[in-house]
Amino acid sequence: MKKLALHWKILIGMLLGLIFGFIMLQVGGRAFTEDWIKPIGSIFVKLLKLIAIPLILASLIKGISDLKDISKFKNIGIRTIGIYIVTTVIAISIGLALVNIMQPGDGVSEETIAKLTETYSENSSVKAKIAEASKQKDSGPLQFLEDMVPDNAFLALSDNRLMLQVIFFAIFLGISLLLIGEKRAAPLKSFFDSLNDVVLKMVDLIMLTAPIAVFALLANVVVSSDDPDILFALLKYAGVVVLGLVLMIVIYCVFVATFTKKNPFWFLKEISPAQLLAFSTSSSAATLPVTMERVEEHIGVDKEVSSFVLPVGATINMDGTSLYQAVAAVFIFQALGLDLTFSDQITIVLTALLASIGSAAVPGAGMVMLVIVLESVGLPPELLPIGLALIFAVDRPLDMCRTVVNVTGDATVSMVVAKSVGKLGEPKVKNWDDNYEEVK
């Protein structure tokens, strides 16, 4: 009997989680779900985050130290950043085009605006995001470069939010290993090679629990959902965002077919476990270990490419989030009866692009970026809490959807870059029990 593929197991887990969540809502089982089901999903996400930094460190150092020609790394870096900028601009442009054509903000009644404002404008989470955005906005133009360089490597390695600092340290260490010569670099290189293999095996073991974990994550999302009447009122806005995200997936498929000559449906099938986890966790950083494992072993991208492109992408490539910001910003102006000029919309493109660089790859980071975008186009400060309140009710489900696009974009760019430097080979799938016979 053929073994059921991982993505089907995860899909079944998600479906059962949704059904269970709806049943718990009907029978008043929210407390039971939060006490007994939610922790299972939380543990799974913690395990993925636990291995994210060791995986980035080991794989990036291994990838760089394996290079025979250091100029290759420069080519990989330039192409990666260039393609990420192009895809982000495409995503923002799609969002702006859809929201201007479909005008979702014009259908929101004054009663709905009043209800949303009353419910969410004083929400502590909304206030925290406004404060965080103000802090980022007040920083200097080169602050993001300064933030990339750690003053304590061990401190950077202890915090998943300092992903760019870990990447900087790993690149610095990898290049230094290359420059001291193969003989003297061998002991340390062997350590990181071994660490890389161990962490990838940890990914395999963690993924054995993925179907159960996504059941728990989705059940908790359902029982903690907001007022269904409010969600229905925002359905048109949410529909525009989702349509834009679907179009972005189509763009990625075109990229895959055009530049790598691979079947886009095959690509989506191989990356689907990472996409489903991105949907369940709403976190590119938590999904990163799985994305790397799928791209390297199931798609055939060489570690030299994936170890740089994917961690950088998880931090600076926010195509789904940038598209959502474009739609959300214009929607808020439409709903509040305010005008946006063409130059304002160009400002949205530039601000959303810049805000995505260095944004945390964690749930809710998009809302912080949105505040920066809204302030850049002149939304009055007193209307900022109202604007965020308008979209806060559907932010979590949309966050889940846009994280799928972020992760798919990272995988697409890694394939395109790998193909361009001759590093896209055949898949070499490893299973968790490959060496089990030796130790059992």
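Bear in mind these aren't lab numbers, they're just calculated from the coordinates by the rules spelled out. Just so it is clear, the structure is predicted and the values come from calculations on it, not from any experiment. Backbone-built Cβ (ideal geometry, glycine too); neighbour counts: all protein chains shown.
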Query raised in the report: What order, most packed first, do the peptides 74-80, 87-93, 340-346 have when packing is the mean number of other Cβ atoms within 10 Å of each residue?
Result: 87-93, 74-80, 340-346
Query raised in the report: Contour minus end-to-end for Leu67 and Glu34, with contour as 0.36 nm per residue of separation and end-to-end as the Cα-Cα distance?
Result: 7.1 nm
**Report entry** FRET E, pair Leu16, Val242, Förster distance 22 Å, beta-carbon r, rounded to 0.05
**Finding:** 0.45
Report task. Return the single residue from Leu195, Leu277, Leu370 with maximal mean-square fluctuation; model: Gaussian network over the chain, springs between Cα atoms under 10 Å. Result -> Leu195
Requested in this report: Pairs to check: Lys49/Lys129; Lys201/Lys430; Lys46/Lys189. Give those whose C-alpha atoms are more than 20 Å from each other in this structure.
Outcome: Lys49/Lys129; Lys46/Lys189
Report task. Could you go through segment 417-426 in sequence order and give the Karplus-derived ³J(HN,Hα) for each residue, using 6.51 cos²θ - 1.76 cosθ + 1.60 with θ = phi - 60°, rounded to whole Hz, and x for Gly and Pro? Result -> 5, 4, 5, 5, 10, x, 10, 9, x, 8
**Report entry** Assigned charges on the beta-carbon of Lys, Arg, Asp, Glu; the chain dipole about Cα centre (debye)
**Finding:** 1400
Query raised in the report: Which residue fluctuates the most in the chain, going by a Gaussian network model with Cα springs under 10 Å, if the choices are Pro427, Pro54, Pro311?
Result: Pro427
Query raised in the report: Working out 0.36 nm times the residue gap between Val149 and Lys428, then minus their Cα-Cα distance, what length gain in nm do you get to one decimal?
Result: 96.9 nm
Query raised in the report: Tell me, what is the Rg over Rh of the chain, with Rh the Kirkwood radius over Cα pairs?
Result: 0.97
Query raised in the report: Cα centroid distance between segment 411-428 and segment 27-92, in Å?
Result: 17
Query - Virtual spin-label span in nm between Asn263 and Leu4, 7 Å along Cα→Cβ - result: 2.4
Query raised in the report: Stretch Val86-Val439 to full length: gain in nm at 0.36 nm per residue minus the Cα-Cα span?
Result: 122.2 nm
Report summary line: The local net charge around Asp434, scoring Lys/Arg +1 and Asp/Glu -1 for residues other than Asp434 whose Cβ lies under 10 Å from its Cβ, equals -2
Requested in this report: Kindly rank 176-186, 242-252 from highest to lowest mean number of other beta carbons found within 10 Å of each residue.
Outcome: 242-252, 176-186
**Report entry** Integer Hz, Karplus 6.51/-1.76/1.60 couplings in order for segment 294-306, x for Gly and Pro
**Finding:** 5, 5, 6, 8, 9, 10, x, 6, 5, 4, 4, 8, 4
Query raised in the report: Shape call for segment 1-110 from the C-alpha gyration tensor, a ≥ b ≥ c root eigenvalues: rounded (a/c under 1.5), prolate (a/b greater than b/c) or oblate?
Result: oblate
Report summary line: When the chain is treated as a Gaussian network with springs between alpha carbons less than 10 Å apart, the largest mean-square fluctuation among Ala97, Ala329, Ala352 is found at Ala97
Query raised in the report: Hull surface divided by four, with the convex hull built on the Cα atoms of segment 188-273: how many nm²?
Result: 9.4
